[in-house]
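Here's the structure we're looking at; comments come further down.
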Amino acid sequence: MRAEAELNSTLELFSPEARQRLDDFKRIADLAGRDLMVSDALQGHFVDCNDAAAMHLGYSRDELLRLNPEALQADPDHDARWVAERRAALVAAGGGAFLTRHRCKNGAIQDVWISHSVLTLDGRLLLLSVVADRTLEQRTIHRLEESIALFNDGEALSGIGTWEFRFDDGSMRWSPQVHRLCKTDAASYTPTLWGYSTLVHPDDRPRWRRDFQQAVNRGDPLLSRHRLAFLDGSETRVEVRGEVLVDDDGRPERVVATVCDVSLAESARQQVEELRHHDPLTGLPNKEASLQELRQRLGGRDYGQSLAVLSLDIDGFQEINDSFGPELGDQLLQRIAVQLGLILGPRAWLARLSSDEFLVVQQDEIRSLGDAMALARRIEQLWTEQPPLVPQLRLNPSLCIGIASYPEHAQDAQSLLQCANTALTQAKRLGRGQICAYSSTLSRQIRERLELDGELAQALDGQQLRLMIQPQVHKSGTLIGGEVLLRWTNRRGISIPPSQFIPLAEQSGLIVPISQWTLERLLERLKLWEQSALPLPRLALNISPRQLELPSRHFVGGLLDTLRAFSLPPEQLELEITESVLLRNPLLAREQLIALADQGFRISIDDFGTGYSSLELLRSLPVHRLKIDRTFVSSIVESPEDQAIVRATITLAHGLGMECIAEGVETAEQSACLEQLGCDFYQGYLYSRPLEMEAFEALLRQSGDEPGGQSPIRLEPATGQRDDHAHAALDRPPSITAQLRLLRTALDQGQDEFLLLRAERGVNGAVEDFLILDANQPACEYLHQERHAVVGQMLLAIFPQVKVNGLFQIYLEALQRGKTIVLENYAYADHDVFQEDRVYDITISPVQDCLVLSWRDVTGRSQSSRNFADAAALYRLLAENIVEVVVLLDRDQAIRWVSPSLQQMTGWTPLQWNGRTFPELFASFEQSDAGAPTPVDLRQWMAGFGPIRQGRLQLLQPEGRWGWIELSVRRLQGVGRRRFEGALRGGDGSEPINLQDGFVITLNPVDGQVLQEQRLLRQATTDPLTGLASRAAILDWLQGRLAGGRAEHAQQLALLFCDFDNFKGINDTHGHAAGDLVLTTTADRIRATIRQNDRAGRLGGDEFLVLLDDLPSLEKAMVVAEKLQNATATPIPYGDGLIDVSLSIGVASHGAGEDADLFVRRADRAMFAAKAAGRNQVVAL
């Protein structure tokens, strides 16, 4: 209450009039949105304030008025003394203003701007203080300063600067980073576009100008990569990205762009590119680089120019790597690369494609595939003659080489590489040090193997595999065991021979799970037989090389674990290992076989005699039995040599305490011979073909059915006609057999597929199926099976569809009638062996109870006949409906046929053109002396362009005018006389058309397109407002004038760079319409002043450039400039008044070594010098 009373008493000291004035001041401050404080100018205390002042500081009005001004100060330096000094200064000056900071009641700080006025009321001196809160403004300024600092720091860190170029005054602003990139001082250097251009490397300058002008002229985004070159010899590679901004009229206004230092990125990109195209180990090009090189060499290559591609692989490299370690492997690869380079020489392309695969591309002295083969043999010879690549280990591995050549095998890079790789794959399959050239057959074989490999992976899950057993007998005929055989019938019911799928399984690794499946299924069956009290003979199981290569604990341990799971002893199995497996890794094989024998397994060597195993190796192995290969058995009766080999094998086996068994025994003569030589056991069709598991089980049950319990099972040799096998059906005296062999050889060499079938009759005598007695090689290849897998099969097992499509009924008809039936163009569909919708010629010839079946695939012939008819109809349809105009001319350029589209496209009818010549209708651009277009001779027009030329000519219209057409002409060579069966005929409709050395033309009218192109060209080269040349056109002409080395010498050429002195003022005062009038009027005056061979253009805005050609001196140019200045100085009428105009003109004459860019910049500097000298000046530099 006391304080309030004091405040009231202070105001009461003033008269009512004074208090009214104070209230008026507060009211005005409230209306203006300002804070008002009134204080005693001498004593310093507050006298009055408006409510807003108290509220903004967080006080009530009474609280604020009780404070002294120094109590509000937030700065420590602004104490009572500072406030008193400031107040005295304000009183002395009669007022003033300053920036300070106030502290609010809650402690918040405000930046304030205070304006003071000194006032006398009732004789007392008062300070009226208007307070403006600048806190937000100061914060904004502070943040802006921080943002600018952050932006500058970010530019410095990122290496990206920014610049802006304005077209109206040519000014340019650079950020600090641009100055850093350009090594200029921001304080002293004034950036200009021309100044930046001088920093661009001379070799990159044309590209920079082109990129900039293209962005300006077309409105495209600016993107330019170039180098900046500095006086110290250093260079910086930069990338400029920007955008051209236009005004409301679509005219370029300014360019905003960024400049980024990409030197490190470019260097890294080049390093990555180098790594991407080169092998880091050998330094040779890699596959990607090779494909690029091949594409480059093949581009535009004539078919007569051959090229060889050789794919090389190092034999056994993986074994070397595994045995001696990757370091020696890398060292070996490096030496191989060096040695191959020395062998091939510098002109051949040598690359490393993968681990141990290299590529050679050679075109010198390659004229055919034979030359490519000779090159491969030369490489192989030189390779074998060189010293060891690793002398301390005497390592010199051999090479396998696959060959492909252009153009025989492929015409593109990827296909050539693929062909060479296909050939290499085949070479590696043939063995070490092999050379193989590509053929389409290889691709087909590999494709078939891949398809088969994919099917085999699904065979286990699809229950497509099954086991069979072929009995083995003692020479007495007693069953002593059997060999377990694996058979595969795929999902289409086709039997795939083991000779095809077992090697695939070995290569893919599927042989391991297949072998485990075979073992488990076999032991399941043995366990069932044991539980049924059947005798269990020892069964032979083939062991894969992949299994032998497994660690002993996995291979031997796995066999024992599986046997234990079925409670069967190892003695129940005989494990067969081929002789070739022993030779791959004798030490490992010996170790594994000893471990197997120690566990009780019997060991047998399969295919003995086909390898080269040593007696020492054989003596050291725990082998129980040798199996003589079927190749020696098949000819043992006729061949004394094979008898000697078999005799030696049997003697060797017995001498080493081994048994001997012969496989492939098919005739009694072979069995007798083997018995005479001392063989112990036999296996072959003579005693039994391979039996299904159920049939073998039935054979075992014969022992239990004998009186007195189990007794030995005897298998008697088949005698007489042996219906169970095809060879028995052909059993004849030797002379007849020899004749049959000759017949088969002839059939094998033929093209037709051939099968010999025998009818198989049921109980009622009806033919139920046909047994395949023989098949020639083409038939086996067509079925993708070996001969021994086809012969002995039932026809319906291989061709189940013959019952569906009616062929089986036709076979029966031929058999019943006893007459040959010939089926031509027979469509055989829906079979996986014969692809869908194939067409065949089939001949069925009956002989007693047999059929000779032969067929030939004539799908191509049938399709050709249909295609020819379809093509003729289609061609007539196209000829009648084609949109483009097609014209056929004979050798004399006379028109012999025109497509019906002529009338719609040109107004002419085909009859009006028939018989007319090309020069009568077509003309060139040039006009003759008479003023008409010049007729065109077609042969002259085609000269120098080869057999094909495209272009534009003028075509005579029906009404007599000339129009533009676009045509494509092809010269026909070697076509001869053709009659087109009514599709295309001569003028009378019946004469054949002779197109020998004639022409075929397609044409389209392009009048509208030409007019549009001319309009676009004018827009691109002409300033739309003034009609003068555009900026791009005038500068392009100048560059062309100084191109070709002419810039090295001073040319009789001068530039006038013209700029209005106050064009902006004219626009601002009179408007844009007046400005446009000034520009167009000035352009007209420039045209009227300069000579005809001079050129003028508008650079943009109010700048003009005049090119004075063939001018001998600078003085002459100055005369023209002054004349031009006088011509343009005449005031221009506008509305009711006149507009005064004047030009500042810079003059420059060309100097030696000055390119267009430097020449224009010098004229530009002269213009700026003229402006600096005053209005309406001409200055020459």
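Nothing in this text is a laboratory measurement; each read-out follows from the coordinates by a stated rule. Computed from a prediction, not measured in an experiment: that's the story for all the values here. Positions of Cβ are backbone-derived with ideal geometry, glycine not excepted, and every protein chain shown enters the neighbour counts.
Among 399, 1111, the ranking by other beta carbons within 10 Å of each residue's beta carbon, starting with the fewest, stands as 1111, 399. Can you give me the angle between helix 1114-1128 and the longest principal axis of the chain, using Cα atoms only, in degrees from 0 to 90, rounded to the nearest 10? Taking Cα atoms only, the helix is inclined about 70 degrees. When the Cα atoms of region 238-322 are aligned to their principal axes, the ranges along those axes come out at 74, 43, 15 Å in descending order. Principal-axis analysis of the Cα atoms of the chain puts helix 2-12 at an angle of about 50° to the longest axis. Taken along its three principal axes, the alpha carbon spread of the chain comes to 158, 108, 68 Å, from the longest extent down to the shortest.
Look at 506, 579, 327 and count the other Cβ atoms within 10 Å of each Cβ; fewest to most, that gives 327, 506, 579.
Listed by chain and number, the lysines whose alpha-carbon sits under 19 Å from that of residue 627, ignoring those within fewer than 8 places in the same chain, are 475.
Net length available on complete extension from residue 920 to residue 966 is 14.9 nm, with 0.36 nm assigned per residue and the Cα-Cα distance removed. The convex hull of the Cα atoms of region 153-267, projected and averaged over all directions, covers 7.7 nm².
In the frame of its principal axes, region 1022-1180 has Cα extents of 53, 32, 24 Å, reported largest first.
By count of other Cβ within 10 Å, fewest leading, how are 86, 295 ordered?
295, 86
Pairwise inverse Cα distances across region 2-133, averaged and inverted, put the Kirkwood hydrodynamic radius at 14.9 Å. Of the trypsin sites (Lys or Arg not before Pro) found in region 1068-1123, those in coil by DSSP whose Cβ has at most 13 other Cβ atoms within 10 Å are 1091.
Note the angle between two axes, namely the Cα long axis of helix 413-430 and the longest principal axis of the Cα atoms of the chain, as a number of degrees from 0 to 90, rounded to the nearest 10. Once rounded, one gets 30 degrees.
Stretching residue 716 away from residue 295 to a fully extended chain increases their span by 144.6 nm, per 0.36 nm per residue minus the current alpha-carbon distance. Full extension of the chain segment joining residue 1022 with residue 1119 gains 32.2 nm, where the gain is 0.36 nm per residue of separation less the Cα-Cα distance.
Shown here are the Rg and Dmax of the Cα trace of region 281-438, at 15.2, 49 Å. The phi-based Karplus calculation (6.51 cos²θ - 1.76 cosθ + 1.60; θ = phi - 60°) puts the 3J(HN,Hα) values of region 241-246 at 10, x, 9, 8, 9, 10 Hz, whole numbers, x for Gly and Pro. Using the Cβ-Cβ distance between residue 1091 and residue 253 with R0 set to 35 Å, the FRET efficiency from 1/(1 + (r/R0)^6) comes to roughly 0.55. So which trypsin sites (Lys or Arg not before Pro) in region 402-436 pass both tests, a DSSP loop state and at most 14 other Cβ atoms within 10 Å of the Cβ? Within region 402-436, the qualifying trypsin sites (Lys or Arg not before Pro) (loop, at most 14 other Cβ atoms within 10 Å) are 432.
Where a Cα-Cα gap under 23 Å defines reach, which lysines qualify for residue 428, not counting those fewer than 8 residues away within the same chain? Hits, sequence-local ones excluded: 287. Here the label points at residue 1072 and residue 89, each 7 Å from Cα along the C-beta direction, are separated by 5.1 nm in the simple model.
Once the C-beta distance of residue 590 and residue 701 is scaled by a Förster radius of 45 Å, the resulting FRET efficiency is 0.65 to the nearest 0.05. Measuring nothing but how far apart in sequence close Cα pairs (under 8 Å, 6+ apart) lie, relative to its length, the chain scores a relative contact order of 4 percent. For region 192-239 and region 32-91, what is the centre-to-centre distance using only Cα atoms, to the nearest Å? The two parts, judged by their Cα centres, are 62 Å apart.
In the neighborhood of residue 226, defined by Cβ-to-Cβ distances under 11 Å, what is the net charge if each Lys or Arg adds +1 and each Asp or Glu adds -1?
Overall, the nearby charge balance is +2.
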